[in-house]
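Each remark here refers to the structure printed beneath this line.
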Amino acid sequence: MNIALIDYEAGNIHSAHKALEVAAREAGLDITVTIGSDPEIVASADRIMLPGDGAFADCVGHLRSVPGLSEALHEAVQVKGRPFFGICVGMQLLATEGREHGVTQGLDWLPGTVKRIEPADTTLKVPHMGWNTLFAHREHPLLKGIALGPDGLHAYFLHAYHLVPANDDDVLAEADYGGPITAIVQRGNIVGTQFHPEKSQALGLKLLANFLTWTP
Amino acid sequence: MLKIRVIPCLDVKDGRVVKGVQFLDLVDAGDPVESARAYDAAGADELCFLDITASVEARGTILDVVRRTAEACFMPVTVGGGVRTIEDIRALMLAGADKVSINTAAVKDRSIVARAADKFGGQAIVVAIDAKKVSAPGEAERFEIFTHGGRTPTGIDAVAFAVDVARLGAGEILLTSMDRDGTKAGFDLPLTRAIADAVSIPVVASGGVGTLDHLVEGVTEGHASAVLAASIFHFGTFTVEQAKRHMAAAGLPMRLDAAAKGSARQEGAV
């Protein structure tokens with residue numbers, strides 16, 4: 001299985017690369033991870049992963065600055081239906097628009113808006129930073145074998161903005177931080193996590209393994 | 001529920017750990033990546049590398065350390081020390097740092113905080129504040145920022161500075177009491193609380209940890225979101241797991257799940 005890990009100079013890909021390899025090994029899968037931003041890599045991939053650390057507008061700028069990359073992603077994910085995994089800002093970019101440092105258009109694959117976190121409890125600090133538990137919104141093969149709920153495993157979050165999908169059904173899991181924080185989204189062949197699976201140890205590796213074996 | 005973080009800090013010079021990690025059964029105790037892997041397995045919530053490399057020629061060594069750590073550990077890493085420019089931050093982020101901490105450069109010119117937050121998102125930008133108490137006994141407490149390891153006063157009020165860098169977009173404050181650093185007398189709780197209560201971003205308490213109760217106090221009385229310690233962990237006084245269990249027993253929300261298990265599974269693979 002060929003996995004394209006998109007390196008568009010917007011964040012760390014080393015951990016994501018290593019995590020994919022370990023997850024594949026644990027799932028007994030033979031994968032080849034190709035790192036880069038060449039549209040050819042995207043076109044020939046069976047599955048695609050888009051990491052992203054940074055500000056929404058800056059990441060969109062990096063993505064669009066690579067000739068042919070946005071088009072190749074659209075073709076592979078939206079037309080051919082290849083399974084896609086976005087991490088952190090790589091997930092936020094799926095939204096219709098982001099509101100970090102002004103309004104920026106996203107890919108609009110998953111209708112919604114990226115908004116600043118505003119906890120109901122104003123003593124809570126923003127960014128939402130650290131380890132939090134997850135609550136499933138609905139059952140899904142991607143969550144198989146992952147202990148969720150208040151006594152479940154933890155995921156590592158590091159963000160001040162989060163994706164609020166227009167369709168509630170696109171939310172797969174949430175975290176609680178003075179109100180619901182979108183943790184995992186899924187729509188068709190597209191999945192995205194606000195937290196960093198590559199930094200989330202057991203939970204992250206299991207989720208990645210589930211993605212690699214998932215048939216949308 | 002979001003958990004309180006316990007963060008071991010490693011001083012790195014020319015790509016090597018300076019103080020050494022003595023309790024761990026490491027093949028090479030001077031290798032930062034080995035120490036990072038051991039802390040990962042012990043359930044540390046994040047790791048902090050403080051680069052104290054002095055020579056300009058050796059500045060790139062930290063990038064190699066960060067890159068190798070990101071490949072070996074699935075734990076969040078903050079890197080600080082000698083970060084002066086946006087280019088320094090980008091290089092560290094691309095190497096695999098999750099957060100980068102700015103100290104002297106932000107004291108000299110606060111605009112770097114806004115520029116860095118614009119580029120990388122505020123969540124990735126930590127401002128490290130080294131402060132000392134400057135008020136006389138009986139006076140209202142005042143804390144001033146010091147640079148150069150606590151030797152050089154700046155005349156800048158620590159609380160006002162913290163409020164300002166938070167406004168400029170910093171995502172976290174790493175607060176070290178230069179009065180307490182190395183004393184094992186506990187955090188400067190009035191300092192920690194003054195800053196934690198003044199800003200809406202998380203504050204990491206640092207400087208002075210000698211007992212596990214000190215870690216608890218940093219949160220309950222200092223209002224910190226995370227606690228950082230170096231020597232109690234390096235010298236084997238306590239393990240990270242002991243620290244977290246102690247804090248949980250004191251009623252704090254801690255992550256005690258399969259951290260060690262997840263890492264053990266990685267161990268076999270790396």
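The values are calculated or read from the model by the stated rules, or taken from the named source; none is laboratory data. Since the structure is predicted, the reported quantities are computational estimates derived from the model, not experimental observations. Don't worry about glycine lacking a Cβ; one is built from the backbone with ideal geometry, like all the others, and counts go over all protein chains shown. What goes into the accessible areas is simple: the full protein's heavy atoms, side chains included, and nothing from ligands, DNA or RNA. Shrake-Rupley method; radii C 1.70, N 1.55, O 1.52, S 1.80 Å.
At R0 = 56 Å, how high is the FRET efficiency between residue B:220 and residue A:32 if r is their beta carbon distance? Nearest 0.05 is fine. Kindly include the intermediate steps, with their values, before the conclusion.
Values: r = 50 Å, r/R0 = 0.90.
Plugging the Cβ-Cβ distance into 1/(1 + (r/R0)^6) gives 0.65.
What is the distance in Å between the Cα centroid of segment B:37-64 and that of segment B:214-230?
So the separation of the two Cα centres works out to 22 Å.
Please report the spacing between the Cα centers of segment A:176-216 and segment B:160-203 in Å, no decimals.
So the separation of the two Cα centres works out to 33 Å.
Sorted by accessible area (1.4 Å probe), largest first, how do A:211, B:146 line up? Numbers along the way, then the final one.
Details: A:211 0, B:146 20 Å².
Descending order: B:146, A:211.
Taking amide hydrogens as modeled 1.01 Å from N in the peptide plane, which residues meet the under 5 Å criterion relative to residue B:174, leaving out close sequence neighbours?
B:127, B:128, B:129, B:204
Which of the residue pairs A:115/A:144; A:125/B:244; A:80/A:199; B:133/B:184; A:144/A:199 have a Cα-Cα distance greater than 26 Å in the structure shown?
On the way: A:115/A:144 29 Å; A:125/B:244 21 Å; A:80/A:199 30 Å; B:133/B:184 17 Å; A:144/A:199 19 Å.
Cα-Cα > 26 Å for A:115/A:144; A:80/A:199; rest within.
Let's test this: bin the Cα-Cα distances of chain A at 5 Å from zero up to the farthest pair and state each bin's percent.
1, 7, 17, 21, 22, 17, 10, 4, 1, 0
List every residue whose amide H lies under 5 Å from the amide H of residue A:106, counting only residues 5 or more places away in sequence or on a different chain, with H placed 1.01 Å from N in the peptide plane.
A:97, A:98
Can you list the HN-Hα couplings for segment B:171-186, worked out from phi with the Karplus curve (6.51, -1.76, 1.60; θ = phi - 60°), rounded to whole Hz and with x for Gly and Pro?
Once θ is set to phi - 60°, the couplings for segment B:171-186 become x, 6, 10, 9, 9, 10, 7, 6, 6, 9, 3, x, 8, 6, 8, x Hz.
Can you tell me how much longer the chain between residue B:54 and residue B:248 gets when fully stretched, taken as 0.36 nm per residue apart minus their C-alpha distance, in nm with one decimal?
Values: separation 194, 0.36 × 194 = 69.84 nm, distance 3.91 nm.
Stretched out fully, the residue B:54 to residue B:248 stretch lengthens by 65.9 nm.
Which of the three applies to chain B, rounded, prolate or oblate, going by the alpha-carbon gyration tensor with a ≥ b ≥ c and a/c under 1.5 meaning rounded?
Numbers: a/c = 1.58, a/b = 1.19, b/c = 1.34.
Note, shape of chain B comes out oblate.
Peptides B:78-86, B:55-63, A:40-48: what's the order by average Cβ count within 10 Å, highest mean first? Spell out each step's value before the answer.
Values: B:78-86: 20.4, B:55-63: 14.8, A:40-48: 18.6.
Highest to lowest by the protection proxy: B:78-86, A:40-48, B:55-63.
How high is the relative contact order of chain B, in percent, counting Cα pairs under 8 Å that sit 6 or more residues apart? Please report the intermediate quantities before stating the final value.
Numbers: 565 pairs, mean separation 52.9, N = 270.
The normalised contact order for chain B reaches 20 percent.
So how exposed is residue B:223, as accessible area in Å² (1.4 Å probe, rounded to 10)?
80 Å²
Determine the relative contact order of chain A: mean sequence separation of Cα pairs under 8 Å and six or more apart, normalised by residue count, in whole percent.
On the way: 487 pairs, mean separation 44.2, N = 216.
Relative contact order of chain A: 20 percent.
Give the lysines whose C-alpha is closer than 17 Å to that of residue B:119, dropping any in the same chain fewer than 8 places away, or say none.
B:99
Which order do the peptides B:179-186, B:163-170 come out in when sorted by mean C-beta neighbours inside 10 angstrom, highest first?
Details: B:179-186: 16.6, B:163-170: 20.4.
Averaged packing, sorted descending, gives the order B:163-170, B:179-186.
Counting alpha carbon pairs within less than 8 Å and at least 6 residues apart, what relative contact order, in whole percent, applies to segment B:41-112?
Numbers: 86 pairs, mean separation 23.5, N = 72.
Computed value for segment B:41-112: 33 percent relative contact order.
Which of the cysteines found in the protein assembly as shown have nothing to pair with, since no other Cys Cβ lies under 4.7 Å from theirs?
Among the cysteines of the protein assembly as shown, those whose Cβ sits 4.7 Å or more from every other are A:59, A:88, B:73.
Keeping the other protein chains in place, figure out the carbon and sulfur percent of the accessible area of the protein assembly as shown, with a 1.4 Å probe.
Working: 8850 of 17510 Å².
Carbon and sulfur together cover 51 percent of it.
Return the equivalent ellipsoid semi-axes of the protein assembly as shown as a descending list in whole Å, where each equals the square root of 5 times an eigenvalue of the C-alpha gyration tensor. Intermediate results must be reported in sequence, preceding the final value.
Details: eigenvalues 252, 111, 96 Å².
So the three semi-axes of the protein assembly as shown are 35, 24, 22 Å.
Enumerate the calculated ³J(HN,Hα) couplings along segment B:114-126 in order (Karplus 6.51 cos²θ - 1.76 cosθ + 1.60, θ = phi - 60°), each rounded to whole Hz, writing x wherever the residue is Gly or Pro.
Going residue by residue, I get 5, 5, 5, 5, 4, 6, 10, x, x, 4, 8, 10, 9 Hz, with x marking Gly and Pro.
At 1.4 Å probe radius, can you tell me the per residue accessible area of chain B in Å²?
Numbers: 9980 Å² over 270 residues.
Dividing the accessible area of chain B by its residue count gives 37 Å².
Using a probe radius of 1.4 Å on protein heavy atoms only, what is the accessible area buried between chains A and B, both sides summed, to the nearest 100 Å²?
Numbers: alone 9400 and 11780 Å², together 17510 Å².
Accessible area lost upon association: around 3700 Å².
How much accessible area per residue does segment A:1-154 have, in Å², with a 1.4 Å probe? It would help to have the intermediate numbers written out before the result.
Numbers: 6080 Å² over 154 residues.
I get 39 Å² per residue for segment A:1-154.
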